[in-house]
Amino acid sequence: MTKQFVRKTICFAALTFCSSLSAIAEDGAAAWLRYAPLTDSKLYATLPTRIVSMDNSPTGSAAAEELRRGLTSMLGRNFVVSNAGTGAIIVLSSNALLPRETYRIRRGMDGLHIEGSSAAAELYGVFHFLERVASQKPIVNETQSPAAQIRWSDEWDNMDGTVERGYAGPSIFFENGHVKQDLTRAGEYARLLASVGINGCNVNNVNANLQTLSEQNLRDFARVAEVFRPWGVKLALSVDLTSPQVVGGLDTFDPLDPKVAAWWQSKVDEIYKLIPDFAGFTVKADSEGRKGPSQYGRMPADAANVLARALKPHGGVVLYRGFVYNNHLDWNDKKADRARAGVDNFVKNDGTFESNVVIQIKEGPIDFQAREAVSPLFSALKKSNVAIELQTAQEYTGQQRHMVFLPSMWKWVLDTDLRANGKTTPVKQIVTGHTFPNADGSPRLSGFVSVTNVGSEANWLHHPMALANLYGFGKLAWNPDTPLSQITDTWTRMTWGNDPLVVGTITSMLGKSWGVYEGYTGPNGMGTLTNILGYHFGPGIESAERNGWGQWFRGEKDGIGMDRTSHGTGYAQQYAPELAAKYENPAATGDDLLLFFHHVPYDYKLHNSKTLVQSIYDTHYASALAAAEYVPQWSALKDKVDADRYAQTLKLFQFQAGHALVWRDAINNWFQRISGIADALGRVGHDKGRVEAEASQLTGFEIIDVNPWETASGGKAVNCHVATGCTLTMTAQQAAGHYNIAVNYHDMWNGVSKYELLVDGKSIATFAADDKLPPAQFDPNPDGQTATRFTAYNVALHPGAVITLHAVPDMRPELQNVMPSAEANSQLRARDYREFAPVDYIAIGPAGLITPQ
Ligand code: GCV
């Protein structure tokens, strides 16, 4: 019997969930809850098939049905749910003696018991049990409780249906200014969240629509709460502090005005009538153009407390964001430092917040860079509740087109010891409320928030591997000591199957992916050197400098890095003394955060005994190569995972391999120019096998300067404005043999330019620039966001072979002035987004090698 036949037979026998079989196409919507039939189910052979649920609440029923569905699908036996039964059974029940949100799994004489302190906890137990089965782990007696009370997902969805920093299509919650009629996906999302223990979801952007709290909107939000409810996920909302004025018609929103307090109280009472289990509010104020208490000379605590007092009688909380900073800093002021803002703005309020206010702090003091120091606010607030905000949406880390397993970064953050009070106080201890407990010794209200930004694309987050981040977030929020290897192993088995090659390959790829991405983007604590003024995706190095946003790295002739010591901005002193001393000293700081804290010369010697600049060159070559290697590593799994998800992932890895080169070259060339120090290995600026488009024989193409210069090879590209197309020709100098021919081009958001590659007049490949890469913000010209590559593999060449690229631009007039995406806070201006078939260069390298050229 072939494997295929065996799979089909099992599928037929189970008569259900056939679509989860690896031989059959999948769209990724099931995420890690595929419940694929197990090829080896011996471990569970004695599991009784009757499920008796003692809890008929919607959540209890959801738990029982989930168990039935999962076990039937995975084990190919028909599991049934009933209200009573004897003999061998699986019992689902609640046990009021268990601590809050706790579940217990135990084998009894009569079968298996999954008990929870509440229906939601029972559900967590069911998901955990199913996870054990899906990943072929033995069933053991165990009791599990979450580390913190707050485990939320925040979505930055706008009511017009767009998602700020969302990379997987339109909102699943909103369209055309309203909550969607069909909330099926929202319910499915809640199931996914519940499966990893997430208990709250804030569905609207922290840049909140000013009408969020209108009567009509609240009635609509109640429908969202309803689809969340069976999964134990509570609804939360972002609110704008001007609501008393904008929605309530008051003449002020001053938090200390009694009218304002009364308005909030009555609004909150109205919410709880509609949504009795409402979780609370998230507030972004005095930040990036949002109004806030500073308008009336009030403090964050004044604003947070007025909401908190209204919510308290109902059990709701306020998550007040620590992301308060001035985005009009003075670049010429060497003491100015955005990183200081959290501590400067909040510490003076410490001890004055109501008990249901939680300060929601981004993991770093800037903004979700590939690596930055851990925010000192975590240890500076000793009498306040805190939660850590992590970003599953890969805003600065490749936007779900690059694979980056973020739990590696999060774990590094959570394990960082902030030495509060001179003791061991890792971030995970602080954000679980244990470092600075309440007066009675109980842990503070605390927790974890993921900015997730799922979208309407079938697989939620666009890159199939990005789902590992949401899964990993849930696992770390439940227990920050969960080993990364356990997260990658279990997620991979559930998402892709238990085949040892699949598990080994994917876990190893995920495991190194953060380091790889950091290695070709933002080295040595410089931040992510992306275009910070636009889409935060491709390289745009100097966009961070000379403006008020404060994401500076101060790259000068003499050296590079922000001096945050007491000689500079003084930021290092915001940490507890032991850590401050470490960060004051470049050698002690460590190479990974060197430029975050220090301004050093380019030939500064690192711990790896290389100079800073040479280490940057080497790291970029090594990391871009590591990213390219994902392609053959993934290709080896071709017959071991379903065809659709295989192909989708392969395409993304191919993209990443090409874009990693764009990053590598941009950063290396920029460093070589600013430092004046050449790469000791002679690679930078001397790419073997590369022929610049502008140096080729051109018919119709026009040479353009690319801005910023480092985002195109040689700083130039060519554009075609001829409707019938343009031609670029070059002669191969290589010895006879087989080669890969790569074309680096730019694929703009709008338009579909078409390309044909020919050798000696014979067509060898065609491709179309039909991707939706983020557009340059103010300039429709090609840049680092849109740079991408096509590779034709294994092409026979001989010395003197004529290589021709024929390119036809997309001149469709209807593409003029089409906005690429309605980002809520974007300053995009409508421009001409026609696509003029831009080409940067052609690279010829040996076939069979994935070595990037
Ligand atoms: C929702 C960054 C992002 C913004 C985001 C902001 C925030 O600046 O680029 O899109 O706004 O953080 O976290 O509030």
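The values are calculated or read from the model by the stated rules, or taken from the named source; none is laboratory data. Note that the structure is predicted; figures quoted are calculated from it, not measured. Cβ: placed from backbone, ideal geometry, glycine included. Neighbour counts: every protein chain shown. When the accessible area is computed, the model is the full protein with side chains, heavy atoms only, and any ligands, DNA or RNA have been set aside. Shrake-Rupley method; radii C 1.70, N 1.55, O 1.52, S 1.80 Å.
In the structure shown, do any of Lys651/Lys716; Lys334/Lys716; Lys180/Lys312; Lys137/Lys383; Lys716/Lys754 have a Cα-Cα gap over 32 Å, and if so which? Mind dumping the intermediate values first?
Numbers: Lys651/Lys716 27 Å; Lys334/Lys716 34 Å; Lys180/Lys312 30 Å; Lys137/Lys383 42 Å; Lys716/Lys754 20 Å.
Where the Cα-Cα span goes over 32 Å, the pairs concerned are Lys334/Lys716; Lys137/Lys383.
What does the charge add up to near Ala647, with Lys and Arg as +1, Asp and Glu as -1, over the other residues with Cβ less than 13 Å from its Cβ? Mind showing how you got there, number by number?
Values: positive: Lys638, Arg645, Lys651; negative: Glu26, Asp27, Asp639, Asp642, Asp644.
Summing Lys and Arg as +1 and Asp and Glu as -1 gives -2.
Could you tell me the calculated FRET efficiency between Arg77 and Lys423, based on Cβ-Cβ distance and R0 = 56 angstrom, to the nearest 0.05?
0.60
Between Val802 and Ala587, 0.36 nm times their residue separation minus their Cα-Cα distance comes to what? Mind showing how you got there, number by number?
Values: separation 215, 0.36 × 215 = 77.40 nm, distance 5.38 nm.
Gain on stretching Val802 to Ala587: 72.0 nm.
Calculated from DSSP H runs of 4 or more alone, at -39500 (n - 2.57) each and per residue, what is the 222 nm mean residue ellipticity of the chain, nearest 500? Don't jump to the answer; show the numbers that get you there.
Details: 20 runs with 247 residues, N = 853.
For the chain, the value works out to -9000 deg cm²/dmol.
May I have the convex hull volume per residue, in Å³, for the Cα set of region 396-510?
Numbers: hull volume 13.9 nm³, N = 115.
For region 396-510, the hull spanned by Cα atoms encloses 121 Å³ per residue.
Counting only DSSP beta bridges with both residues in the chain, tell me the antiparallel percent, nearest 5. The partial results should precede the final answer.
Values: 66 of 112 bridges.
Among the beta bridges of the chain, antiparallel pairing accounts for roughly 60 percent.
Can you compute the modelled spin-label distance between Gln216 and Gln295, with each label point 7 Å from Cα toward Cβ, in nm?
Each label point is offset 7 Å from its Cα along the Cβ direction, giving 2.3 nm.
With r as the distance between the Cβ atoms of Phe767 and Leu97 and R0 = 56 Å, compute the FRET efficiency 1/(1 + (r/R0)^6) and round to 0.05. Could you put the intermediate results ahead of the total?
Working: r = 64 Å, r/R0 = 1.14.
It comes to 0.30.
Please go through the residue pairs Lys475/Lys640; Lys362/Lys382; Lys259/Lys291; Lys423/Lys605; Lys267/Lys382; Lys234/Lys273 and name each one whose alpha carbons sit more than 21 Å apart in this structure. It would help to have the intermediate numbers written out before the result.
Numbers: Lys475/Lys640 27 Å; Lys362/Lys382 17 Å; Lys259/Lys291 18 Å; Lys423/Lys605 32 Å; Lys267/Lys382 31 Å; Lys234/Lys273 15 Å.
Result: Lys475/Lys640; Lys423/Lys605; Lys267/Lys382 exceed 21 Å.
With the other protein chains left in place, how much accessible area per residue, in square angstrom, belongs to region 265-404 at a 1.4 angstrom probe?
Result: 30 Å² per residue.
I'd like to know how region 548-700 sits against the 2.2 N^0.38 Å rule of thumb: what's its Cα Rg over that expected value? Write down the numbers at each step before the final one.
Values: Rg = 20.3 Å, N = 153, 2.2 N^0.38 = 14.9 Å.
Ratio of Rg to 2.2 N^0.38 Å for region 548-700: 1.37.
Give the percent of DSSP beta bridges with both residues in region 105-238 that are antiparallel, rounded to the nearest 5.
Working: 8 of 15 bridges.
In region 105-238, approximately 55 percent of DSSP beta bridges are antiparallel ones.
Once you have all Cα-Cα distances for region 269-384, histogram them in 5 Å bins from zero and send the whole-percent values.
Result returned by the calculation: 2, 11, 20, 21, 19, 13, 8, 4, 2, 1, 0.
How are the Cα pair distances of region 150-482 distributed, in percent, across 10 Å bins from 0?
6, 27, 36, 25, 6, 0
Please list, in order along region 312-322, the HN-Hα scalar couplings obtained from phi with the Karplus expression 6.51 cos²θ - 1.76 cosθ + 1.60 (θ = phi - 60°), rounded to whole Hz, x for Gly and Pro.
Karplus values, whole Hz, x for Gly and Pro: 3, x, 9, x, x, 10, 10, 9, 8, 6, x.
Once you have a ≥ b ≥ c as the square roots of the Cα gyration tensor eigenvalues for the chain, tell me rounded if a/c is under 1.5, and otherwise prolate or oblate according to whether a/b is larger than b/c. All intermediate terms of the calculation are to be shown ahead of the outcome.
Values: a/c = 1.69, a/b = 1.23, b/c = 1.38.
Cα axes put the chain in the oblate bin.
So what's the net charge close to Phe405: Lys and Arg +1, Asp and Glu -1, counting the other residues with Cβ under 15 Å from its Cβ? Spell out each step's value before the answer.
Numbers: positive: Arg371, Arg401, Lys411, Lys475, Lys512; negative: Asp489, Glu518.
Net charge in that neighbourhood comes out at +3.
Restricting everything to alpha-carbon atoms, can you work out Rg to Rh for region 97-156 with a Kirkwood hydrodynamic radius? Intermediate results must be reported in sequence, preceding the final value.
On the way: Rg = 12.9 Å, Rh = 12.4 Å.
Rounded to two decimals, Rg/Rh equals 1.04.
Rounded to the nearest whole Å³, what is the per residue volume of the convex hull around the Cα atoms of region 298-444? Intermediate values should be presented prior to the final figure.
On the way: hull volume 20.5 nm³, N = 147.
Value for region 298-444: 139 Å³ per residue.
Residues of region 172-198 with amide nitrogen under 19 Å from the 7 Å Cα-to-Cβ point of Asp27?
172-175, 180-193
If I take every Cα pair under 8 Å that is 6 or more residues apart in the chain, average their sequence separation and divide by the length, what percent do I get for the relative contact order? Write down the numbers at each step before the final one.
Working: 1947 pairs, mean separation 82.8, N = 853.
So the answer I get is 10 percent.
For labels at Trp412 and Gln136 in the simple 7 Å Cα→Cβ model, what's the distance in nm?
3.3 nm
Taking 7 Å along the Cα-to-C-beta vector as the label spot, tell me the Glu578-His328 distance in nanometres, rounded to one decimal.
Result for the modelled spin labels: 4.3 nm.
Using R₀ = 56 Å, calculate the FRET efficiency as 1/(1 + (r/R₀)^6) where r is the Cβ-Cβ separation of Tyr793 and Lys605; round to 0.05. Spell out each step's value before the answer.
Numbers: r = 42 Å, r/R0 = 0.74.
The computed FRET efficiency comes out at 0.85.
Would you report the distance distribution of C-alpha pairs in region 457-522 as whole percents per 5 angstrom bin, up to the bin with the largest distance?
The percentages, shortest bin first, are 3, 17, 24, 24, 20, 10, 1.
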